[in-house]
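This report concerns only the one structure given below.
The values are calculated or read from the model by the stated rules, or taken from the named source; none is laboratory data. Since the structure is predicted, the reported quantities are computational estimates derived from the model, not experimental observations. Reconstructed Cβ throughout: ideal geometry from the backbone, glycine too, with neighbour counts over all protein chains shown.
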Amino acid sequence: MNTNIVQPKRALISVSNKSGIVELAQKLQEHGVEIISTGGTFKKLQGANIPAIEITDFTGFPEIMHGRVKTLHPLVHGGILGLRDEHAKEAEDNHIKWIDLVVCNLYPFAETISKPDVTKEIAIENIDIGGPSMIRSAGKNVGWVSVVIDPDDYTSLLKEISNGGITFATRSNLQAKAFRHTAQYDAIIANYFTKEKFPEDLTLTYKKSYTLRYGENPHQEGTVYHKINNVDHNLLNANIIQGKELSYNNLGDADGALATLKEFAEPTCVVVKHANPCGVATGTDMLNVFKRAYSADSLSAFGGIIAINRTCTKEIADEIVRVYAEIVLAPDYDTNALEVLAKKKNMRVLALNNVTQSFRPDWQELKYIDGGLLVQDVDQQIIQKDDLQFPTEKKPTDEEIDTMLFAWKVLKHIKSNGILLAKNNTTTGIGMGQVSRVDAVKLAITKAGEKTAGSILASDAFFPFRDNIDEAAKAGIKAIIQPGGSIKDGEVIDACNEHGIAMVFTGMRCFKH
């Protein structure tokens, strides 16, 4: 393979994204590079008075079938693919001219399918065929040919041409970028036409957003990628109003806060620490809701994430700056609120534009394991009053049921084994990530302290023994919501009847590991 510097003498330019293409072509012309071009790109260069050979004149074959066939020609691909030191005689015999530089990017398929009125026919017409073929041909012949798919690379390319030619290292970097470009393009097309939730072959494609200072710990490297055509109201589309750059842990914790927040339509505040909610409240008055959520476990909330689903007012901001928070999330902020929050210049303040209760059937979550990938639906199940079973002698009041349903929405977002205590639509104590359920019960009760009495208790999985109920009864728990389904359900029901506790079954667990 040729690893020497190559100074291009002939370039083929065919781009959908025409940003900077005129300037590039002008500079190439100044360096004596002959330019071949196609369709709209040719017209763009022609309009800028840049000499270029139209592809039909170069091949001697007309563009046919509404542009579907224009670059799929031996004179094009022979010129790109030929090895200069091995195929020179064949090229001469077949009147093939070498093409040393391919500048090409593809029809905007991703942008097309993101439009609400797109049809399958329109999508198909926006599948580029000639472009990927030219890019792959140029990438394959990296010893002799440079391929550029990104306008951001034009400046560095021209700099090397000005210095005598394109190095093998640069050609290799451009090659890798080009193959990532076509791989991503094919993946987007494949995923668009794939209707199975869990297809036989799974291809994921994301675009780099930015490099993080480090990963979960300073000795780990980290970065963040976003979905192609990411238009949702999420952290990566948020307006970062102030504060330090977001870290790996910031993004993980804040995403957990947002996921919990999206469970609710009514005014809600979620406080998260180390990826677990530590205080959540709902109500009618956002200021009151914030105060209840933060005070639910103010010790754990120190240095956490505060997320609300209504406008942040000056009154709320006044309360926030009295505490230490890493990040504040809200749909938007009053001008006066921003002035108050600016007092904490290192605190990240993000505007999400819109935070609504949202559920999508196509949401999936992924977890890497050694040698593979676990994929599952995101848990978006909503438990309603009509779903509940009432196995105990004592029945919960309507107010208790409301709090149970509130608690269940939050419980889905804490690490298993998980126990959550709540009262008046406010969490009072959370025991998460324990290796035994009774330990989770004890931790939640310890966290709640004097607020335990009168709380309801929510468990993310069934109780295997009555010891959990005995601990709850001693602490003053008055009602319990849990999935049920244990072989010891009878023993647990008897314990609740013995202690005068109302218990309901959901028939569904909500583990989160």
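General remarks:
One line per residue, one yes/no per condition, for (1) modelled with pLDDT under 95; (2) buried (at least 16 other Cβ atoms within 10 Å of the Cβ); (3) within 30 Å of D318 (Cα to Cα):
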residue	(1), (2), (3)
A351	no, yes, yes
E365	yes, no, no
K385	no, no, no
T392	no, yes, no
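- Filter pass, K43 being in contact (Cβ under 8 Å) with a residue 40 or more places away in the chain, part of a helix (DSSP H, G or I) and basic (K, R): no
- Yes/no for K89 being farther than 20 Å from G139 by Cα and either assigned by TED's automatic domain parsing to the domain that holds S146 or acidic (D, E) (or both): yes
- Pair list, Cβ < 9 Å and 6+ apart or interchain, from segment 227-241 residues that are among the small types (G, A, S) to residues that are in a loop (DSSP other than H, G, I, E, B): A238/L352; A238/N353
- Of all the residues in segment 26-40, those that are assigned to a loop (DSSP other than H, G, I, E, B) and surrounded by fewer than 21 Cβ atoms within 10 Å (Cβ to Cβ) number 3.
- L72 within 22 Å of T167 (Cβ to Cβ) and loosely packed, with under 15 Cβ neighbours inside 10 Å: no
- Being crowded, with 21+ Cβ neighbours inside 10 Å, outside any helix (DSSP H, G or I) and in the same structural domain as V15 (by TED's automatic domain parsing) holds for only one residue in V118, V103, and it is V103.
- The residues of segment 247-266 that are over 16 Å from K412 (Cα atoms) and in contact with a Phe, Trp or Tyr (Cβ under 9 Å, 6 or more places away or on another chain), listed by number, are S247, Y248.
- For segment 327-334, the criterion of a residue being of a type in the set (F, W, Y), buried (at least 22 other Cβ atoms within 10 Å of the Cβ) and either closer than 15 Å to L258 by Cβ or assigned by TED's automatic domain parsing to the domain that holds T260 (or both) is satisfied by at least one position.
- Filter pass, H499 being out of contact with any strand residue (DSSP E or B) (no Cβ under 6 Å at 6 or more places or on another chain), outside the structural domain of K412 (by TED's automatic domain parsing) and not β-branched (V, I, T): no
- Residues that are touching a residue at least 24 places away in the same chain (Cβ under 8 Å), part of a loop (DSSP other than H, G, I, E, B) and not hydrophobic (A, V, I, L, M, F, W, C), drawn from segment 72-91: G82, R84, D85
- When residues of segment 121-144 are limited to those that are in contact (Cβ under 8 Å) with a residue 24 or more places away in the chain and among the polar types (S, T, N, Q), the one nearest to E111 (Cα to Cα): S133
- Residues satisfying the stated conditions in segment 177-207, i.e. over 20 Å from the mean Cα position of the chain (by Cα), assigned to a helix (DSSP H, G or I) and free of Cβ contacts under 8 Å to residues at least 24 places away in the same chain: F193
- Residue in segment 149-160 that is over 35 Å from the mean Cα position of the chain (by Cα) and either free of Cβ contacts under 8 Å to residues at least 24 places away in the same chain or surrounded by 13 or more Cβ atoms within 10 Å (Cβ to Cβ) (or both) present: yes
- Screening I21 with (1) surrounded by fewer than 20 Cβ atoms within 10 Å (Cβ to Cβ); (2) closer than 26 Å to T155 by Cα gives one miss only, at (1).
- Residue list for segment 208-241, restricted to those being in contact with a Gly (Cβ under 8 Å, 6 or more places away or on another chain), farther than 26 Å from I306 by Cβ and in a loop (DSSP other than H, G, I, E, B): E221
- Test for G143: is it assigned by TED's automatic domain parsing to the domain that holds G40, on the phi > 0 side of the Ramachandran plot, more than 32 Å from the chain's Cα centre (by Cα) and in a loop (DSSP other than H, G, I, E, B): no
- Subset of segment 357-388 that is touching a Lys or Arg at 6+ places or on another chain (Cβ under 9 Å), part of a loop (DSSP other than H, G, I, E, B) and among the charged types (D, E, K, R) - its residue that is farthest from A265 (Cα to Cα): D362
- Filtered residues of segment 489-513 (kept if without any contact (Cβ under 8 Å) to a residue 40 or more places away in the chain and in contact with a Phe, Trp or Tyr (Cβ under 6 Å, 6 or more places away or on another chain)): V492
- Number of the exception - E23 against (1) at pLDDT 95 or above; (2) outside any helix (DSSP H, G or I): (2)
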